[in-house]
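This report concerns only the one structure given below.
None of the figures in this text is laboratory data; all of them are computed from the coordinates on show. Quick caveat: nothing in here was measured; it's all calculated off a predicted structure. All Cβ positions, even for glycine, are placed from backbone atoms using ideal geometry, and neighbour counts span all protein chains on display.
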Amino acid sequence: MTMHEFTVQDMTCGHCVATITEAVKALDPDGRCEIDLAARRVKVASALSADRVAAAISKAGFTPVRAGA
Ligand SMILES: [Cu+2]
């Protein structure tokens, strides 16, 4: 498991949080998703690459930016 961290500025409400959580779960059922809505921060613990996690979040309609990248 690697912790991937993204800033997602267009995640604006609880519905966005649910959508992103579902997208991550669909991509990686063993992954864990931790979201801080106020900070627009998404942390995903997954064996998959950050690129694949970012792609899933993008496909769900959001714009993830790698934290620290
Ligand atoms: Cu929303």
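Please state the relative contact order of the chain as a whole percent: Cα pairs under 8 Å, 6+ residues apart? It would help to have the intermediate numbers written out before the result.
Numbers: 106 pairs, mean separation 31.8, N = 69.
Taking the mean separation of contacting Cα pairs over the length of the chain, I get 46 percent.
Where the only charges are on Cβ atoms (+1 Lys, Arg; -1 Asp, Glu), what is the dipole of segment 1-58 about its Cα centre, to the nearest 20 debye? Please report the intermediate quantities before stating the final value.
Details: 6 positive and 8 negative charges, 11 e Å.
Rounded to the nearest 20 debye, it is 60 debye.
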Å³ per residue enclosed by the Cα convex hull of the chain: 69 Å³
